[in-house]
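Notes for the one structure printed next.
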Amino acid sequence: MFKKLFVTALIIVSVSACNLKTYTRDEAPQLFAALDSQPNGYRGEIGNDALFEIIGTKASKTLLCRSVRIATHDSSSSRQYCKIKGGEWK
């Protein structure tokens, strides 16, 4: 029973990971510029492939994180980009 659950969970995680493309500043300059300066609710494009919307912001003493919804022609997912002060979004 445990083996079946483990295999099922592994398959789900593997398929989910396929939908999560990680963007860099070079690939998605408009996204990263928006993360740097735009308010929650801001929408933009990532090339011709995807649309994004900044949906939330959280801050601590050392870390700033922004939640982003990414939509492509066949899927939609949320990602969180975080950085330290003066650092790069990851």
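Sequence neighbours fewer than 8 away in the same chain don't count; with that in mind, list the aspartates and glutamates whose C-alpha is under 15 Å from Lys85.
Asp36
So between Ser67 and Ile55, what do we pick up on full extension, going 0.36 nm a residue minus the alpha carbon distance?
Full extension of this stretch gives 3.8 nm more.
Could you work out how much longer the chain between Glu45 and Asp74 gets when fully extended? Use 0.36 nm per residue separation minus the Cα distance between them, nm to one decimal.
Gain on stretching Glu45 to Asp74: 8.9 nm.
Enumerate the residues in region 51-90 having an amide nitrogen under 13 Å from the point lying 7 Å beyond the Cα of Thr22 toward its Cβ.
From region 51-90, the list is 80-82, 89-90.
Just so you know, all these numbers are worked out from the coordinates, no wet-lab data involved. Remember, predicted model here, so these are calculated numbers, not experimental data. Don't worry about glycine lacking a Cβ; one is built from the backbone with ideal geometry, like all the others, and counts go over all protein chains shown.
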